[in-house]
1. For region 224-234, check the following and say yes or no: at least one residue is over 22 Å from Asn478 (Cα atoms), in contact (Cβ under 8 Å) with a residue 24 or more places away in the chain, of a type outside the set (S, T, N, Q) and surrounded by fewer than 19 Cβ atoms within 10 Å (Cβ to Cβ).
2. Looking for something part of a helix (DSSP H, G or I), at negative phi, modelled with pLDDT under 90 and not assigned by TED's automatic domain parsing to the domain that holds Asp757 - is there at least one such residue anywhere in region 677-686?
3. Among Ala222, Ala189, Ala196, which is modelled with pLDDT of 90 or more and in contact with a Phe, Trp or Tyr (Cβ under 6 Å, 6 or more places away or on another chain)?
4. Can you confirm whether region 187-203 contains a residue that is polar (S, T, N, Q) and surrounded by fewer than 17 Cβ atoms within 10 Å (Cβ to Cβ)?
5. Taking Arg130 as meeting all but one of (1) in contact (Cβ under 8 Å) with a residue 40 or more places away in the chain; (2) within 32 Å of the chain's Cα centre (by Cα); (3) closer than 24 Å to Glu198 by Cα; (4) part of a helix (DSSP H, G or I), write down the number of the exception.
6. Take Ala699 and tell me if it is hydrophobic (A, V, I, L, M, F, W, C), more than 23 Å from Val623 (Cα to Cα) and surrounded by 16 or more Cβ atoms within 10 Å (Cβ to Cβ).
7. Identify, please: which residue in region 729-742 is of a type in the set (Gly, Ala, Ser) and more than 19 Å from Asn693 (Cβ to Cβ) and is, among those, surrounded by the fewest Cβ atoms within 10 Å (Cβ to Cβ)?
8. If you go through region 712-725 one residue at a time, how many are more than 18 Å from Ala750 (Cα to Cα) and crowded, with 19+ Cβ neighbours inside 10 Å?
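The values are calculated or read from the model by the stated rules, or taken from the named source; none is laboratory data. Model, not experiment: these values are computed from the prediction. Positions of Cβ are backbone-derived with ideal geometry, glycine not excepted, and every protein chain shown enters the neighbour counts.
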Amino acid sequence: MTRLRLLVVFIICFGTLAACESDEQKAERYYQSGLALLEEGDVERALIEFRNVFNHNGFHKEARQIYADTVLEQGNVREAYGQYLRLIEQYPDTVDVRQTLAELALQSSDWAEVERHGKAAIDLAPEDPRSRALAATIAYRAAVLDEDPDAEAEAFAAARSVLEETPTSITALRVVIDALVRSRTPTAALPELDRALEVDPDSLEFRIIKFQVLARANNADAAAAVLEEMYSLFPENEEVRNTLVQWYLSRRDFDAAEEILRTLAGPLDGPTGGHVTVVQFLKSARGSEAAEAELEALIAANEGTDAAELYTAMQASIAFEEGRRDAAITTMQRIVDTAEASDQSRRIKNILARMLMETGNPVGARALVEEIIAEDTSNVDALKLRAAFLIREDKPDAAITDLRTALGQAPRDPEILTRMAEAHERAGSPELAGERLALAVDVSDSAPPYAIRYAQFLRRGDRVEAAESVLLDARRANPTNLDVFEALADLWLDEQEWNNVAGILAALEQINTEPSMALAVRVRTAMLLGQNRTEDVLNLLNEQIASADNPASVASTLVMAQVRGGKTDEARTFLDNALAEDPTSFELRMLDGALHQLTGDLDAAEATLRSLIADVPDAEPPVRMLYGLLSNAGRTDEAEAVLDAALEAQPESSVLLWIKAGELEKAGDIDAAIDIYERMYQTNSSNMIVANNLASLLATHRDDAESLDRAFAVARRLRGQEVPAFQDTYGWIESRRGNAAEALPYLESAAAGLPEDPLVHYHLGMTYVALERTEEARQSLTTALEIAGDSDLPQFETARETLATLGAP
């Protein structure tokens, strides 16, 4: 055999051997190649080799783990998380991956995943410091939610113990820092925050907490230093920019603040982040005109660049806020139509989408949002907007998925957390909603909108002390904010905490601005009325009426106070005099009709109200009042005529539509009533009572599967509510869906709360039938028929037939 033939045979044999190489062998070859490239520092080519491993062996544990670790080091948390999840599906007992998944979930406050992976890690390696840190975290959160100080202290000690062994444990440090910040000596957290920043020097989270602690301790210089350091590290971060602006505004040293901000921003044609902050500051401190002038200078300095388009969009946003909406939208649309796809163009599209939402064009807004997400699946602003659409469409689970993705990009965004709370409420998980609202308050440093919203949530659950604590924290963080004062005053007035209300009044008078003094009058009036001090109320209002911006509004309160004190003649005299001075005042004429009705002069009341409706056909209150007057007098046909005429003039009035739906329901025209509730629901799907009424009618009066599915989608938010009507709706829907055991406690509670409603007893009785609890079923159905009397609703015929099948007791 010649050398040439030997060479050919060798090549053929080698090719045959390569062709015979198994998938496992190929995978291992790619894996070793990837390791070698990683050792050489060629990370991108190494990742390609690891992906080749998966093409031949999707179960290669080492390759997938090192791939996930590498992309996590690159900052690609989302891809890393997905790879770790795949690894855990294949190898569920890999303790370090369980720990990593729990720690990543902790960063985005995804507590369901924290507990799932954390508890698995604890079971696999209970003595491992990472597992112990996760155990302390889970226990600490449960203790805080349960308001259990002993358990909280125990979790704190456990985290301290981990730090003694592993001083760099960020998971344990989070527990220790949070506990110290919430203690009576929050400055004790500062050394731990410094330690956390040594471990994670790029952390925005720990810098924000440090700033908040210093600010609340009135250490202004140190707080400002931390804030300016944050801004230098994260100039494009919107939360940091807004915090910087608000900090300087709170110091009210506008000139010094402007000088610092301009220095940080640099030349007019420099990076945009600093100049955006300057514009925001000017708008807050010096008004829209100053901000627009600054934007004009910036546009001129950056003509023909993307920066100029951004500043033009900001100018349009200010115009939109000032009421020049059409021009603003036209400008924004021009920018969007000509811009290339980029982070900036997506930002501008998001702004335009919000404008379209506000001006009643949800279709256009949704189209823009989908465009943005098609370009960038993790775009935070677009995900927030799409979540809002999904919530309105009763798809809270899909909304939560979007919001979790957004939260992974912006874990300290209070708007994401607030919207997530809305989604959890819509899904019927009020406890999760409360957690998100609490976190929004925390990350926003008790910013008034988030604190007030959380306090309202707590008050709805009768957690008055917790609501008070939230508002007091907000007051300390925002000592002159009138919205917080008003929320506190409202709470204390309801609770009749008169000493606390007096403290609010003293603080408002000390602020001594026109708005604060106006609020003080309203609060004082409410306090005096609550204390039945009618003479004092009258004296106060008489002093105020001459100088009031809206005398008719003060007059209304004064007249009602006179009536409350039994001085109807004085009320009539005062009102007649006021009308003589201002005969066209809508408020005074409404008050005139109300006073006539209150004193039994129904003809005069009717004449006044009909005159008002003729003069102001798009006004809702006189229609509502006249409808009630006629209905109570038994003049049903006339009441219906008034309502129908008003709906022609005001076809979108939610109050009038509500009245019409109730009228149709009483008349037995259920389909027409459902149509109206559907229309109202499309306009405002967050209205709990509309949701309840719509779901109740669908579940009670329709038998098709589509209507039942629709009823459940609308009524999910009612789960956990303690309002008897809501409990009946949710319970009956669950019963009809075959979940009788789940439905029973809701329906039993509803029957106790609505003992005279025959349909509620019918729903309970039929649920007992489904559970084969015959005697209770017989009692409930018998009660339903006794209350229903001669009602011809088909449910009661079903009740009779069912009782017949149950037999004698």
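1. Checked region 224-234: at least one residue is over 22 Å from Asn478 (Cα atoms), in contact (Cβ under 8 Å) with a residue 24 or more places away in the chain, of a type outside the set (S, T, N, Q) and surrounded by fewer than 19 Cβ atoms within 10 Å (Cβ to Cβ).
2. Among the residues of region 677-686, at least one is part of a helix (DSSP H, G or I), at negative phi, modelled with pLDDT under 90 and not assigned by TED's automatic domain parsing to the domain that holds Asp757, which makes the answer yes.
3. Going through Ala222, Ala189, Ala196 in turn, just one is modelled with pLDDT of 90 or more and in contact with a Phe, Trp or Tyr (Cβ under 6 Å, 6 or more places away or on another chain): Ala196.
4. yes
5. (2)
6. Yes, satisfied.
7. Top of the filtered list is Gly738.
8. 1
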